[in-house]
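The values are calculated or read from the model by the stated rules, or taken from the named source; none is laboratory data. Note that the coordinates shown come from a computational prediction; the quantities given were computed from them, not determined experimentally. Cβ placement follows ideal geometry from the backbone for every residue including glycine, while neighbour counts extend to all protein chains displayed. Heavy atoms of the whole protein, side chains included, go into the accessibility calculation; ligands, DNA and RNA do not. Shrake-Rupley method; radii C 1.70, N 1.55, O 1.52, S 1.80 Å.
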Amino acid sequence: MRKLYVIGIGAGDPDQVTVQAIKAMRQVEVFFVIGKGAEKRELVEVRTAILAEHVERPYRIVEIADPPRDRTPADYQGVVEDWHERRSALLEDAFAQVDGVGGILVWGDPALYDSTLRMIERVLARGTAHFDYTVIPGVTSVQALAARHRMVLHRIGEPVHITTGRRLREEGLADSAVVMLDGDCSFTEVPGADVHIWWGAYLGMPDETLIDGPLREVEQEIVERRARLRAEKGWIMDIYLLSRG
Ligand SMILES: C[S@@+](CC[C@H](N)C(=O)[O-])C[C@H]1O[C@@H](n2cnc3c(N)ncnc32)[C@H](O)[C@@H]1O
């Protein structure tokens, strides 16, 4: 492979794919798709639908099975490190099969809670593959959440804090935070009567669901709705903004 495009495709809404992303997709001969198992089939389908809509020239799709990993390890960093190593070895093998231009479609933006760029750097660091690569930014789920709730993420001049459910449980909520990757409804453990939540699931997708209100008043509704949606579809992606006062 001589050239690789890492293309952010937005967080689910096909209309949020940028013109720059479409132009890059049209250069690509082989797309690498990292599969996440049957329950995430729909996410792979969103990507293939985007390609079918925007790319007329012939291309190939190479699916790369995602190696399994322990989701609740004692040694979190060690397990992630090992998983990245196995994933990058699979990518290296796949890259070696391609002569021309490759592409990876990344959910949202590649700079936010996504390991694709780290994996590519790993592949290059091994020294056996040589290729140039370009990153095309995408609309993140953070932006999609803010837009759907018509929210500014911070007070005037204040910083933005983006974190994970795990870190929210460990560190608590100082003032406000956008929380991603939270399979455990960690907002229920945030104390205080003055916290507001703006929650969104499947943003930009047909099952999009939005709930907002004072945390203590709506938390149970979110927990129940989340569990029901997850049971119906077999998977869920959700994100929320918490703010005090
Ligand atoms: C591995 S991260 C990827 C983030 C992605 N790179 C981005 O820019 O949004 C996956 C997390 O993003 C959030 N997410 C991504 N897409 C979403 C969507 N359509 N609706 C709600 N949350 C979403 C969820 O918190 C999910 O757990």
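Out of R148, R122, R167, one residue alone is surrounded by fewer than 19 Cβ atoms within 10 Å (Cβ to Cβ), closer than 30 Å to G100 by Cβ and basic (K, R). It is R122. Going residue by residue through the stretch 50-57, is there one that turns out to be outside the structural domain of W235 (by the TED database), within 16 Å of the ligand (Cβ to nearest atom), at pLDDT 80 or above and surrounded by 16 or more Cβ atoms within 10 Å (Cβ to Cβ)? Looking for residues that are outside the structural domain of W235 (by the TED database), within 16 Å of the ligand (Cβ to nearest atom), at pLDDT 80 or above and surrounded by 16 or more Cβ atoms within 10 Å (Cβ to Cβ), one finds at least one in the stretch 50-57, hence yes. Where helices (runs of 4 or more DSSP H) fall entirely within the stretch 35-142, those with at least 3 residues that are within 18 Å of G12 (Cα to Cα) are at 41-54. Listed by first and then second residue, the pairs with beta-carbon distance under 9 Å, at least 6 apart or on different chains, first residue in the stretch 1-27 and more than 22 Å from L43 (Cβ to Cβ) and without any contact (Cβ under 8 Å) to a residue 40 or more places away in the chain, second among the acidic types (D, E) and within 16 Å of the ligand (Cβ to nearest atom), form an empty list. Taking the stretch 197-207 as the range and being within 13 Å of the ligand (Cβ to nearest atom) and open to solvent by less than 50 Å² (accessible area, probe 1.4 Å) as the test, the residues that pass are W198, W199, G200, A201, Y202, L203, G204, M205. Every test in (1) at pLDDT below 90; (2) buried (at least 17 other Cβ atoms within 10 Å of the Cβ); (3) more than 30 Å from A147 (Cα to Cα) is passed by I34 save one, and that test is (3). V178: of a type in the set (A, V, I, L, M, F, W, C) and surrounded by 15 or more Cβ atoms within 10 Å (Cβ to Cβ), yes or no? Judged against the criteria, V178 is a match.
Here are some residues: E219, E224. Which one is in a helix (DSSP H, G or I) and loosely packed, with under 13 Cβ neighbours inside 10 Å? Walk me through how you get there before you give the answer.
Values: E219 fails: loosely packed, with under 13 Cβ neighbours inside 10 Å.
The match here is E224.
The rows are residues; the columns are (1) in contact (Cβ under 8 Å) with a residue 12 or more places away in the chain; (2) under 22 Å from the mean Cα position of the chain (by Cα); (3) not assigned by the TED database to the domain that holds I7.
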{"site": "A89", "(1), (2), (3)": "no, yes, no"}
{"site": "D99", "(1), (2), (3)": "yes, no, no"}
{"site": "G108", "(1), (2), (3)": "yes, yes, no"}
{"site": "L124", "(1), (2), (3)": "no, no, no"}
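Say whether the condition of being touching a residue at least 12 places away in the same chain (Cβ under 8 Å), within 21 Å of T72 (Cβ to Cβ), within 15 Å of the ligand (Cβ to nearest atom) and assigned to a strand (DSSP E or B) is met by at least one residue in the stretch 175-196. So far as the stretch 175-196 goes, yes, one or more of its residues are touching a residue at least 12 places away in the same chain (Cβ under 8 Å), within 21 Å of T72 (Cβ to Cβ), within 15 Å of the ligand (Cβ to nearest atom) and assigned to a strand (DSSP E or B).
Confirm whether I7 is surrounded by 16 or more Cβ atoms within 10 Å (Cβ to Cβ), within 16 Å of the chain's Cα centre (by Cα) and modelled with pLDDT of 90 or more. Yes; evaluated as a whole, the condition is true for this residue. Of all positions in the stretch 118-130, none carries a residue that is polar (S, T, N, Q) and closer than 26 Å to V44 by Cα. Of everything in the stretch 154-164 that's at pLDDT 95 or above and either within 12 Å of the ligand (Cβ to nearest atom) or aliphatic (A, V, I, L, M) (or both), which residue is surrounded by the most Cβ atoms within 10 Å (Cβ to Cβ)? Once the filter is applied, the top-ranked residue is T163. Annotation: of all residues in the stretch 58-79 being within 19 Å of the chain's Cα centre (by Cα) and surrounded by 15 or more Cβ atoms within 10 Å (Cβ to Cβ), the one that is farthest from D184 (Cα to Cα) is I64. With respect to the conditions (1) at positive phi; (2) within 16 Å of the ligand (Cβ to nearest atom), G213 lacks only one, and its number is (2).
Could you tell me whether any residue of the stretch 165-172 is assigned to a loop (DSSP other than H, G, I, E, B) and either more than 12 Å from the ligand (Cβ to nearest atom) or closer than 22 Å to R228 by Cα (or both)?
The answer is yes; a qualifying residue exists.
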